[in-house]
Amino acid sequence: MRALVYGLMATAALGCGAAQAQQKTLYVAAYGGSFEQTMRKDIIPAFESKTGVKVEYVAGNSTDNLAKLQAQKGNQQIDVVILDDGPMYQAVALGFCTDIAKAPVYDDLYDLAKIPSGKAVSVGAVGTGIVYNKKVFDENGWAAPASWKDIEDAKFRKKLVVPPINNSYGLHALVMMARLDGGGEKNIDPGFKAFKDKVNPNVLAYEPSPGKMTELFQSGQATVAVWGSGRAKALADTGFPAAFVYPKEGGIVLASAACAITGSKQAAEAQQFIQHMLSPEVQTVMATGAGFGPVNKTVTLTADQQVGIPYGPEQMGKLLVVDWDTINANREAWNKRWTREIER
C-alpha cells in the first residue's frame, strides 16, 4: 500500500512538472511606477487567466528598455515592449518590431493610434498642452491660455516652466513654436529663434522632473507651464488649483506604444497580449488606473473617469502627431544646439 501511495505521488509530481514545463512565459517590458502597479494588479492577471500564459514584467523607462533591446540584439529576452512614441519609432527603425497582427479590435482604434509602419500600435495617450495656476489667473483677471503663442506673453516673465527638449513635452513645444512661425520638424530654426528671443525671457526653469515641477507650482514660483494632461491631473488631484488646456492650434499626442519583438519565441502570445491591451476592458482600466486616454473608440467612461485625460473623438481629434522619423534623425543635434543656444 505504501509503495502504491508513493507511486501515485510520484506520478502526480511528474504530471505537475510536465504541466509547468509546458506553460509558456511572456516577457513584457514597460514603465515602472503607477503604470506597473496597474499592469500587475489588473491587466496581467486577466491575461494569464484567459490564456494560461505566465507574464514576467520587466520594469524600466523607455530609454532603459530601448537600451535593453539594443544590448540583446540577436538574442532577445523580451517578447513585448511598451515605450513612449518617440523611442518606439526608434525601435521600429532599428528592426526590433515585427508586424502587428490585424485583429478585429484594430478597426476600433482612433487613427492616431495606428503607427504608419504597422509594426507598433499606441495603447494609450496623454496630450501635451499648457497647465496654469487658475487661482493666480483669476486674481489677476487673466484669461486662460488659448494659444501656444501665449507662452511668449511678457506677463509670465520668470513664471513659465518648460521641460528641456530631451523630454517629450519640451520637444513638443519646440516643434509647435517652429510650426507657428513657418517652420516645423523639417525646418526647426524658427522654433529655436522663438525660444531664444521670445520664450526664454519668461522661463523660470527648464525642468524635466515632475516632482520639481510640482514644487515650483506649489511654492508659487511657477504660474504656467508646458506639460502633459496626465501630469496636470495628478497636480490637481493634490488639491492645487491646476487647470489644463489644449491650445487652439492643437495639443500634441504623447502616446504609449506597444510592439511584438522580432524573433520572439512566443510570437503568437506576444500578439495576443497586445490585442489584450487594446480591448475595451483593459483600455478602461488603463484610463482609470494609469491616466491614459483610451485609443479604442468603443470605450465608454463616466464623467468623473474622463477628467484630466484625452477622451472621445472630439478631444482625440484635436491632438496632433509629430514627425518622429524626422525628429529622431535630428534629435542629437537639436539637443546639443538647445544646450548651446537656449539653456546657456
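The values are calculated or read from the model by the stated rules, or taken from the named source; none is laboratory data. Model, not experiment: these values are computed from the prediction. With ideal geometry, Cβ positions are generated from the backbone for all residues, glycine too; neighbour counts draw on all protein chains shown. The protein model used for the area step is the full one, side chains on, heavy atoms only, and it has no ligands, DNA or RNA in it. Shrake-Rupley method; radii C 1.70, N 1.55, O 1.52, S 1.80 Å.
At a glance:
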{"quantity": "Inter-label distance, nm, simple model (7 Å from Cα along the C-beta direction), residue 240/residue 40", "calculated": "2.7"}
{"quantity": "Summed side-chain charge close to residue 59 - residues other than residue 59 whose Cβ falls under 10 Å, Lys, Arg +1, Asp, Glu -1", "calculated": "-1"}
{"quantity": "Dipole magnitude of segment 28-79 about its Cα centre (Cβ charges: Lys, Arg +1; Asp, Glu -1), debye to nearest 20", "calculated": "60"}
{"quantity": "Gained length - residue 323 relative to residue 198, 0.36 nm times residue gap less alpha-carbon distance", "calculated": "42.6 nm"}
{"quantity": "Rounded percent of accessible protein surface that carbon and sulfur make up, segment 286-335, 1.4 Å probe", "calculated": "49"}
{"quantity": "Cα-projected label distance for residue 138 with residue 343, points at 7 Å along beta-carbon direction, nm", "calculated": "3.5"}
{"quantity": "Quotient of C-alpha Rg and 2.2 N^0.38 Å, computed over segment 261-343", "calculated": "1.54"}
{"quantity": "Ellipsoid semi-axes in whole angstrom, largest first, where each is sqrt(5λ) of the Cα gyration tensor of segment 81-156", "calculated": "39, 15, 10"}
{"quantity": "Accessible-area order (highest first, 1.4 angstrom probe) of the listed residues 99, 111, 85", "calculated": "111, 99, 85"}
{"quantity": "Rounded percent of accessible protein surface that carbon and sulfur make up, segment 119-180, 1.4 Å probe", "calculated": "49"}
{"quantity": "All lysines inside 20 Å of residue 134 as judged from Cα atoms, apart from same-chain residues fewer than 8 positions distant", "calculated": "149, 155, 158, 159, 212, 233, 248"}
{"quantity": "Label-to-label distance, nm, for residues given as residue 157 and residue 73 (7 Å Cα→Cβ offset)", "calculated": "5.1"}
{"quantity": "Structure-derived semi-axes √(5λ) of the Cα gyration tensor in Å: which label, when the choices are [x] 35, 27, 15; [y] 43, 22, 18; [z] 34, 26, 19", "calculated": "[y]"}
{"quantity": "Largest to smallest accessible area among 344, 179, 231, 331 [probe 1.4 Å]", "calculated": "344, 231, 179, 331"}
{"quantity": "For segment 29-181, accessible area per residue (1.4 Å probe, heavy atoms of protein chains only), Å²", "calculated": "41"}
{"quantity": "Cα-centre dipole for the chain with unit charges at Cβ (Lys and Arg positive, Asp and Glu negative), debye to 20", "calculated": "520"}
